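What follows is a single structure, written as structure tokens, with notes after it.
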Amino acid sequence: MLQALRDNAKEVQQAALKALFALGPPEEADLPLLDECFTDPSALVRWFAIWALESLGPKAASRIDVLGNGLRDADPEVRHMAAEVLGNLGPHAKAALPALVHALQDPESASLRRLAALALGRLGHEKGVLAALTSALDDKDGEVRSAVEAALKNLAPFDKRDVDDLIVALQNTSERTRAFALETLAQIGADAGAAVPQLQLLLKAPSLRERLRTVDVLAAIGPDAREAVTALAEALNDKEIPPAEKGPNMVQDAVDSKRVFRDLLKSTVWIRWSLGHGGGSGWVVDVPLRLVVTDASVVGDQKQVIVFFPKYTEKGELISSIPAYEQNEQQGIRADVLPFRDKKCILALLKLKQLPLEAQALALAPKSAEPGETVHAVGTEAINPPFSEGKLWQYTSGKVKQISHARYPIWLPSPQLRRPSFITSMATVLVTHPVLSTGDSGGPVVNDRLELVAVTSYLKKTSLTPLGGRRGIIELERASTDVLEVRAFLKEAFRAFGKRWQSSIATNAVVVQINESNYRLAIARALAKIGPDAAPAIPALCKALYHPNVDVKKQVAETLGAIGPAANTAVGDLLNASVATDCQKAVAEAIGKIGVAAVPRLIKALEDFSPQIRLTAVMALEQIGPDAKEAIQPLKWRFAKDRREIREAAAKALRKIDQSD
């Protein structure tokens, strides 16, 4: 048959390939024969030999050098297959890292760069992977950039071991690359302290957006960012800052449903028990572990199912005809139904033998969707012969109708039973309008940010009788398992398998308007996170107390309070800031944290001509409490003769101070 692959006639080649596929995957004993094929003059023979390695799984790691050479093959199809196989080998292909990095930089083939990026995303946290991917974030080809973003998503969550690569990314000339590095360092938080020296340099970046991101990272690092206090203090009152920019939240762009559909397809699967039997949808929850979630009714009591990912024609058109998939069984991926059911028996977990490189995991929304919120789903049009053969990858959008805690009917079909078995369970469900299709069961329901908010589940029929009428009306409602139930299921399932469930990091953080006030607000917040070690910034903070923005004043006051007793020199400026509307409480709490050292200055402030300052001084003494005993007599005098609100505040302060007596 291998000789037939060398035939010049395309029909002969196709017939030979079909016969070889029918023989099933090769075994380890076939490796010597495959070795002869890797250098065969026929590109088709080389392609088949590399394809065959994939079925050997981790055992193919002994031929990583062959696959690495395949990335440099003269034939583009061979190069592409080598990249796909390396990606599916995952961490076992780490020896091919240099070859994949080289392929990612190929100047001629965007498709090879795309596949190399996806393969790198499967290697895990090998040193150099993150640096290579971040350097490609600015690739000239949009498909390559999307692949790089998908690969980086598959690598998440990031941690301390990735900081060195991210520091390199901070020095990249591409703002897009630096932006990713900053976002990721902020997620790592306290363990990203090694990046502080490089972050200080970015406080002088030409873009206000980039400066604001840098400040957010320093805030996330916290006390270990103390080295940046001087730089932050200078930035706090810097008069020469870049102009304001339009933040993503200032103008709400219309959601592109085509983009949502296209991206959602990368995470959605069609599930069959066997060809011609059973059916439903599912979605990828974990790429490294090759896990898919679906509704329990989709798999019933099956131990193994067939999973299909979306396929496309040579012109890039989506194939939605069910027979097109059933007639090519080799396109399906075998998946084991993991032997786990939670107490509610709502969801099921599948482990696939392999995943296409393009597959992406869905992030879970941090909370339930709200009534009226737009949601999107992809599933299957119900098969209804002879009227319809059914269609795959059908897109539906609608509005959340309600979220409730309801009795949940679980249907467990089985080919061994004449009747399906039913159980019921109480669960949080989401109801949408319009109704999702029957074949959507197990499929994902996502919000506009492509975060999973529910898993499509059962179809509820309600019989309504109109007033004065005899004929009943059947109203259909599709109930979906809420994301809170999904999260609980995954935590319990991973615990049962001895693993810890880590939810994907949400990417929909609210972005503030990028302007001068919010920049200074963020700097003050970062200094507060650093805490007492931010004392060198006290003079700059005192100056910032006179900023015209009330929110900036409040945050600066809070920061001085976080510094503690060392900020005693700022008490006078704090009291002056309390004259501004709505600042008295924040100032009083800040002085209360400064503590007993502030008492003499507060006693003096009780005689100030400004009633706002006198009131703030009284409130601050209340915050200090028993340590302010020397203020008892001045407070009693103030209690006797000042205006009503100050007398009432003085009475409260005296009760608080006298507690220790």
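Lysines near residue 127 by alpha-carbon distance under 26 Å, same-chain residues fewer than 8 away left out - which ones?
Those lysines meeting the cut-off are 59, 94, 140, 153, 160, 499.
About the Cα centre of segment 103-242, how large is the charge dipole given +1 on each Lys and Arg Cβ and -1 on each Asp and Glu Cβ? Please answer in debye to the nearest 20.
Using Cβ point charges on Lys, Arg, Asp and Glu, segment 103-242 gives about 120 debye.
Determine the share of segment 517-642's accessible area contributed by carbon and sulfur atoms, expressed in whole percent, with a 1.4 angstrom probe.
Summing carbon and sulfur atoms, their accessible area is 53 percent of the total for segment 517-642.
What FRET efficiency, computed as 1/(1 + (r/R0)^6) with R0 = 45 Å and r the Cβ-Cβ distance, is obtained for residue 301 and residue 373, rounded to the nearest 0.05?
FRET efficiency, residue 301 to residue 373: 0.80.
If only Cα atoms are counted, what is the Rg of segment 558-601, and what is its Dmax, in Å?
Over segment 558-601's Cα set, Rg and Dmax evaluate to 9.3, 26 Å.
How much accessible area per residue does segment 89-169 have, in Å², with a 1.4 Å probe?
Normalised by residue count, the accessible surface of segment 89-169 is 40 Å².
Given a Förster radius of 41 Å and the C-beta distance between residue 312 and residue 201 as r, what FRET efficiency does 1/(1 + (r/R0)^6) yield to the nearest 0.05?
It comes out at approximately 0.35.
For the pair residue 164 and residue 262, how long in nm is the line joining their label points, each one 7 Å along Cα→Cβ?
3.8 nm
Please compute the net charge surrounding residue 186, taking Lys and Arg as +1 and Asp and Glu as -1 over other residues with Cβ under 15 Å from its Cβ.
Value of the local net charge: 0.
Hey, what's the per residue convex hull volume over the C-alpha atoms of segment 534-661, in cubic angstrom?
86 Å³
For labels at residue 173 and residue 319 in the simple 7 Å Cα→Cβ model, what's the distance in nm?
It works out to 4.4 nm between the two label points.
The values are calculated or read from the model by the stated rules, or taken from the named source; none is laboratory data. Being a predicted model, the structure only gives us computed values, none of them experimental. Ideal geometry is used to build each Cβ from the backbone, glycine not excepted, and the neighbour counts take in all protein chains shown. Heads up: the accessible areas ignore ligands, DNA and RNA and are worked out on the full protein's heavy atoms, side chains in. Shrake-Rupley method; radii C 1.70, N 1.55, O 1.52, S 1.80 Å.
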